[in-house]
Amino acid sequence: MNPGQTGVTHQKQTAVQTMDLAFDRQHVWHPYSSLIDPPPVYPVARAEGVRLYLEDGRALIDGMSSWWCALHGYNVPQLNRAAQQQMEKMSHVMFGGLTHEPAIELSKKLVELTPAPLQRVFLADSGSVSVEVAIKMALQYWQSQGRPEKSRLLALRNGYHGDTFGAMATCDPVTGMHHLFASHLTPHLFAPAPRPAFDQPCGDEDVAELRRLIEDNREQLAAIILEPVVQGAGGMRFYSPQYLQRVRALCDEHDLLLIADEIATGFGRSGKLFACEHAAISPDILTLGKALTGGTMTLAATLCTDKVAEGICRGEAGVFMHGPTFMGNPLACAVANASIELLLSGPWQERVSRIESQLRQELAPLRDADGVADVRALGAIGVVEMQAPVNMMQVQEALIERGVWLRPFGKLVYAMPPFVTSEQDLRQLTGAMVDVLGNL
Ligand SMILES: *Cc1c(COP(=O)(O)O)cnc(C)c1O
């Protein structure tokens, strides 16, 4: 090739879209999307630091951490190296009858970092699957206690626990559109979403309905499942740690297991390594996912106490009845180990608390803007709740014009940026939010 032409060719490649977006529109499902009237999707060529680079060369500051995952940003040398080194040994081996260092190491870390009673680790392949595993653990536990009738769950309104059937049955019945799948969903019980905000006390009256549901149904209830302190996809609400303490006490009083779903909150997002720490409680079963590999690949984990594990294994089956093909995938475990080491070796608390105060301060002007119902921040999560649902496409496009990637849904426009986001990049992000939402 004539070297003089390389520049020209390169320019062409960046100026002209080479991805077959027409094929994408016709054939490829995106999350919660239509293939008759597909929404626009933006082609990403690569990602680096806190920026997504679109195929046309535009750089967007990522305010979503790819849905809570990319704590350290993108193309992180430590994570890449861990993946490459592991790949040269083995990318995957079955976990039935075999074990390996990355899984042992990761399980050790998880046992050490999570609340002390959580001692047993099940490595699953996605968040939803780890919730299925948690539910099956609770059911098998009560069967082994000779209480098979304890098979229903109590969940919270505005909760979100995943898209598979078992998990979906515990999601908010309205936003989760339970009626579409009614014949396949276990009819669980739902308590009102926690009322007291993060910094408010929680009184008897705030758990009255929850208590009534428990007292009326305790013979059938296996467990309470909830997202501790931060309700994520179902409403981006932050609630009082005292509420969580009361739930723990109610579970103890009425002999229910507590399942804490920390798939979104785990690994520092709420300002504590795990959101349960805000309330100094420990669940009987804990689910982790999303940020577990720092956003590199899918991996999740379900931890439980000795009591739960031993109960299950003394039951009729004698084993825990679950075992996915990619269980304990060595590549994912190796990257998870590197991500946890990277997180813990850096000043993550300072970073998260700096992000929290910056989000609070810089989003505050929106409090008085027309159409804004509430502005709130906790840890590295900033939420603007509007009075009415926003036009997602319009808001997304306006934010993109300002160099920012966010994914509003319903009334909520929110940011959970990578912990490594600089003060200046975060200012651009919040500035874009204020500019766009303040002028709707
Ligand atoms: C995302 C999420 C899930 C589901 O995880 P997937 O990896 O999408 O299956 C479950 N619970 C919570 C709290 C989540 O945020």
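The values are calculated or read from the model by the stated rules, or taken from the named source; none is laboratory data. Computed from a prediction, not measured in an experiment: that's the story for all the values here. Cβ coordinates were reconstructed from backbone atoms using ideal geometry, including for glycine residues, and neighbour counts include every protein chain displayed.
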Checklist entry - Restricting attention to the stretch 238-286, which residues are within 13 Å of the ligand (Cβ to nearest atom) and either of a type in the set (Phe, Trp, Tyr) or in contact with a Gly (Cβ under 7 Å, 6 or more places away or on another chain) (or both)? => result ILE263, ALA264, PHE267, ARG269, SER270, PHE274
Next on the checklist: I'm told TYR42 meets every condition in (1) away from the ligand (no atom under 16 Å from the Cβ); (2) more than 30 Å from GLU219 (Cα to Cα); (3) part of a loop (DSSP other than H, G, I, E, B); (4) in contact with an Asp or Glu (Cβ under 8 Å, 6 or more places away or on another chain) except one. Can you identify the failing condition by its number?
Outcome noted: (4)
Checklist entry - Since GLY234 meets every condition but one in (1) of a type outside the set (Asp, Glu); (2) over 25 Å from GLN119 (Cα atoms); (3) more than 11 Å from the ligand (Cβ to nearest atom), which condition does it not meet? => result (3)
Checklist entry - So which pairs qualify, if the first residue must be in the stretch 189-204 and buried (at least 17 other Cβ atoms within 10 Å of the Cβ) and among the aromatic types (Phe, Trp, Tyr), the second must be part of a loop (DSSP other than H, G, I, E, B) and modelled with pLDDT of 95 or more, the Cβ gap must be under 6 Å, and the two must be at least 6 apart or on different chains? => result PHE190/ARG157
Checklist entry - Just checking, which of THR175, THR164 is at pLDDT below 95 and polar (S, T, N, Q)? => result THR175
Next on the checklist: Looking for something within 13 Å of the ligand (Cβ to nearest atom) and either over 21 Å from ARG248 (Cα atoms) or small (Gly, Ala, Ser) (or both) - is there at least one such residue anywhere in the stretch 98-121?
Outcome noted: no
Item to check | Members of the stretch 37-56 found to be free of Cβ contacts under 8 Å to residues at least 12 places away in the same chain and small (Gly, Ala, Ser), listed by number | outcome: ALA45
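Among the residues of the stretch 130-149, count how many are within 16 Å of the ligand (Cβ to nearest atom) and of a type in the set (Lys, Arg). Show your work before the answer.
First, pick out the residues of the stretch 130-149 that are within 16 Å of the ligand (Cβ to nearest atom): 130-138.
Keeping just the survivors that are of a type in the set (Lys, Arg) gives 136.
The qualifying residues number 1.
So which of THR287, THR265, THR302 is buried (at least 24 other Cβ atoms within 10 Å of the Cβ), in a strand (DSSP E or B) and under 11 Å from the mean Cα position of the chain (by Cα)? Reasoning before the result, please.
On the way: THR265 fails: in a strand (DSSP E or B); THR302 fails: under 11 Å from the mean Cα position of the chain (by Cα).
Among THR287, THR265, THR302, only THR287 is buried (at least 24 other Cβ atoms within 10 Å of the Cβ), in a strand (DSSP E or B) and under 11 Å from the mean Cα position of the chain (by Cα).
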Item to check | Top-ranked residue of the stretch 150-171 - restricted to ones that are over 18 Å from the mean Cα position of the chain (by Cα) and either part of a strand (DSSP E or B) or among the aromatic types (Phe, Trp, Tyr) (or both), ranked as farthest from the ligand (Cβ to nearest atom) | outcome: ARG152
